[in-house]
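Some notes on the structure that comes next.
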Amino acid sequence: MPEDAAATPPVDPARSTGSDAAENPRYAADPTAAPPPWLLRAFLLAAATVAGLIAGFWVLQRLQGLLTVLLVSLFLAFAIEPAVNWLAARGVKRGLATGIVFLGLLLIAIGFVWTLGALLVDQVTTLVQNAPEYADQVVDWFNHTFDQDISGTDIQKYATEWSDKLEGYLVGLAENAWGIGTAAIGALFQALGVLLFTYYFAADGPRFRHAVSSLLPPSRQRHVLRAWDIAVDKTGGYIYSRGLLALCSTIAHYVALRVLDVPSAFALALWVGVVSQFIPTVGTYLAGALPVIVALVQSPATALWILGFIVLYQQFENYVLQPRITATTLDMHPAVAFGAVLAGVALLGATGALLAIPVTATVQAFAGAYIRRYEVKDTTATPPPPRRTLLSRLAKFAGPRESRPIPPDSKV
């Protein structure tokens, strides 16, 4: 055996490091080498993390309906809490004050539905009774306007085809009556759940706030309470501003509809005022479509006048009324509001569209309270000229004095 091989001491494969394996391939290829002790713990930690994420997503998916109900209830509780606080400050117990606010909102909702229901029944009855006359008027107007020759027989043929399609659609709905009934019962239970949670959140608002704050250290309790107050202020301000804009819109459209002699003017004006303000983005178009359709049945010219008034009032509201009313309650750029509504629809559907604007306003106000802003100095602007005082003007008017040399023979 050579002396170099005899002088090399044996190395324990279990204690060999990566550098040893790189220097000597015999250690890297040794199957009896034990793995590092941290490798098993890393595998177990990764498996537990993946399992926890899967279980968390599964639980969130199962509880999505309940979480949506809680979120809507919290928003409604924030919306009515200023009114509840106002009644509670005047000696009314908080539970009774919440019940009074609920009763007022319920009466408003019943009045709105009753008015629109009466409008729907009246319009359907009138349409059925005067359908042949309306059909003849529409045909005559279409032929006179577009220089066509359509007869009542053609309209009857098209109406027969549409009625057959409608009958097939109604038969399909009747076959799916069990599914529709189940969905309606589920929606009813969700509405009752929203009302129940809203009542508890509003009636026990201070106690609930104290319970949440008690879970946090004192240094963070102040921030949570401030965020809570901002959320209540912005959500209540959103409802107040929308309600005031709805009132102005209802009055303006009622006057216009009465002047143009459109039937059911009050119901149509109430529809326009409420739907245009409380349904984001598309509410204006949905609200304006119904009065135009009702006026179109009466006269196409009246429908055009109604459409023109709706467009003009919308511009007046956007540039005059809304900035003045929302200046102290919900100051938000229209582009930000539109983007928030799109994000809310993508996350929670119709519920997200309703909650997007007050939630964004709360985040905006909270960021404005904690993020410091600095004044931007425009270095490219030309500095203003210096102001000329009265003394500088007198000095310029007098001009510089010329020094004359003294003659040598002059006597001082």
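General observations
- Evaluating 6.51 cos²θ - 1.76 cosθ + 1.60 at θ = phi - 60° for every residue in region 299-306, the Karplus couplings come out as 6, x, 5, 5, 4, 5, 5, 5 Hz, glycine and proline recorded as x.
- ³J(HN,Hα) computed for each position of region 105-112 - Karplus, 6.51 cos²θ - 1.76 cosθ + 1.60, integer Hz, glycine/proline x: 5, 5, 5, 5, 5, 5, x, 5
- Probing with 1.4 Å while keeping every protein chain in the model, the per residue accessible area of region 266-371 equals 53 Å².
- Expected-Rg normalisation [2.2 N^0.38 Å, Cα atoms] applied to region 256-320: 1.05
- Gained length - ASP149 relative to LYS93, 0.36 nm times residue gap less alpha-carbon distance: 13.0 nm
- Radius 13 Å from Cβ of LEU245, net charge of other residues (Lys, Arg +1; Asp, Glu -1): +1
- Using θ = phi - 60° and Karplus 6.51 cos²θ - 1.76 cosθ + 1.60, couplings along region 308-321 (whole Hz; Gly, Pro as x): x, 5, 4, 5, 5, 5, 5, 5, 4, 5, 5, 9, 10, 6
The values are calculated or read from the model by the stated rules, or taken from the named source; none is laboratory data. This is a predicted model, so every value here is computed, not measured. Quick reminder, even Gly has a Cβ in these numbers, built from the backbone with ideal geometry, and neighbours come from all protein chains shown. Side chains are part of the model used for accessible areas, which takes the heavy atoms of the whole protein and leaves out ligands, DNA and RNA. Shrake-Rupley method; radii C 1.70, N 1.55, O 1.52, S 1.80 Å.
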